[in-house]
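> Let me give you the structure first, and then I'll get to my questions.
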Amino acid sequence: MDKKYPNKKWWAFPYEIENVISNNKNEIQVSFDNFFQRDDEHFMPKDQNELPFVFFNGNKNSTEQKPLKNIKPGEFISLKDLLIKIKKKNYSDTFIGKFTVSVEGDYTNHGREMYNYEINIAENEISLHETGSELCSGRYRGKENNNTLEFFYVQDSDERCEHSKASYTIKKEGGQFYIQGVGGEGTYNEWTPLKKVTKFKN
């Protein structure tokens with residue numbers, strides 16, 4: 001945050017930072033649930049659900065960057081509560097398990113496409129892999145929302161995979177799990193049944 005540019009926010013360079021924004025309770029200002037493409041090398045620790053945005057005061061010297069838009073409002077939180085929040089599991093044990101799903105795609109010159117997925121929902125980590133494709137395969141952050149589990153891609157900074165909305169969504173109805181987001185255009189918005197397994201074939 002720079003007083004010269006009220007209500008605008010940027011990525012901060014170390015030499016531009018003066019101090020972290022805090023209140024009289026020594027709580028720092030943090031924003032959660034933001035999904036922005038980043039151009040630096042970073043990684044998500046395995047025991048965290050997300051990388052929160054921490055706000056600093058400083059002097060904006062770089063003229064190359066544009067202000068960030070649509071950042072969720074910040075809130076003041078203690079360091080103790082911050083650590084609890086980012087490490088807290090964001091979904092119930094109902095969704096934990098291993099699942100597979102196969103869906104048919106479009107017809108091509110080589111026959112009909114098939115999409116096969118393996119999904120592992122653990123207590124603190126979610127992984128999704130599509131057979132024969134590395135694109136958007138890897139680690140996801142889970143967030144429970146209205147009795148569904150939403151998947152957000154966190155493996156790396158591939159802009160083809162990072163979205164503000166969930167890439168996949170799982171729900172449970174009558175003892176059966178379903179997933180939305182798999183396959184091609186013809187099946188992407190459909191709720192496709194999942195098969196729960198004890199282990200994957202490979």
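The values are calculated or read from the model by the stated rules, or taken from the named source; none is laboratory data. Since this is a predicted model, take the numbers as computed values, not measurements. Here the Cβ positions follow ideal geometry from the backbone for every residue, glycine too, while neighbour counts run over all protein chains shown. Keep in mind that these areas ignore ligands, DNA and RNA; they rest on the heavy atoms of the full protein, side chains included. Shrake-Rupley method; radii C 1.70, N 1.55, O 1.52, S 1.80 Å.
> Scanning for something modelled with pLDDT of 80 or more and part of a loop (DSSP other than H, G, I, E, B), does segment 93-113 turn up at least one residue?
Residues of segment 93-113 modelled with pLDDT of 80 or more: 93-104, 113.
Add one more test, that the residue is part of a loop (DSSP other than H, G, I, E, B), and what stays is 96.
There is at least one residue in segment 93-113 that is modelled with pLDDT of 80 or more and part of a loop (DSSP other than H, G, I, E, B).
> I need a count of the residues in segment 166-202 that are modelled with pLDDT of 85 or more, open to solvent by 40 Å² or more (accessible area, probe 1.4 Å) and in contact with an Asp or Glu (Cβ under 8 Å, 6 or more places away or on another chain).
2
> I've got another one for you. Cβ-Cβ under 9 Å, sequence separation 6+ or interchain: first residue in segment 99-127 and in contact (Cβ under 8 Å) with a residue 24 or more places away in the chain and over 30 Å from Pro45 (Cα atoms), partner in a strand (DSSP E or B) and basic (Lys, Arg). Which pairs?
Qualifying pairs under 9 Å: Glu104/Arg112; Gly105/Arg112; Asp106/Arg112.
> Failed condition for Leu135, given (1) of a type in the set (A, V, I, L, M, F, W, C); (2) surrounded by fewer than 17 Cβ atoms within 10 Å (Cβ to Cβ); (3) in contact (Cβ under 8 Å) with a residue 60 or more places away in the chain, with all others met?
Tallying (1) of a type in the set (A, V, I, L, M, F, W, C); (2) surrounded by fewer than 17 Cβ atoms within 10 Å (Cβ to Cβ); (3) in contact (Cβ under 8 Å) with a residue 60 or more places away in the chain, Leu135 fails exactly one: (3).
> Taking segment 138-149 only, how many residues are open to solvent by less than 20 Å² (accessible area, probe 1.4 Å) and either within 21 Å of Ser102 (Cβ to Cβ) or in a loop (DSSP other than H, G, I, E, B) (or both)? Even if it seems obvious, please write down each step before you answer.
Taking segment 138-149 and keeping what is open to solvent by less than 20 Å² (accessible area, probe 1.4 Å), we get 138, 140-142, 149.
Keeping just the survivors that are either within 21 Å of Ser102 (Cβ to Cβ) or in a loop (DSSP other than H, G, I, E, B) (or both) gives 138, 140, 149.
The qualifying residues number 3.
Listed here are the residues, each with its yes/no results for (1) at pLDDT below 80; (2) in a loop (DSSP other than H, G, I, E, B).
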{"residue": "Asn26", "(1), (2)": "no, yes"}
{"residue": "Gln29", "(1), (2)": "no, no"}
{"residue": "Phe35", "(1), (2)": "yes, yes"}
{"residue": "Gln48", "(1), (2)": "yes, yes"}
{"residue": "Thr63", "(1), (2)": "yes, yes"}
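> Taking segment 82-91, which residues are modelled with pLDDT of 85 or more and part of a helix (DSSP H, G or I)?
Across segment 82-91, the qualifying residue is only Leu82.
> Oh, and also: Looking at segment 150-202, which of its residues are without any contact (Cβ under 8 Å) to a residue 60 or more places away in the chain, over 14 Å from Val101 (Cβ atoms) and part of a strand (DSSP E or B)?
Listed by number, the residues that qualify are Glu150, Tyr153, Glu173.
> Also: Name every residue in segment 106-119 that is open to solvent by less than 70 Å² (accessible area, probe 1.4 Å) and within 28 Å of Gly175 (Cβ to Cβ), in order of residue number.
If the condition is that a residue be open to solvent by less than 70 Å² (accessible area, probe 1.4 Å) and within 28 Å of Gly175 (Cβ to Cβ), then Tyr115, Asn116, Tyr117, Glu118, Ile119 are the ones that fit.
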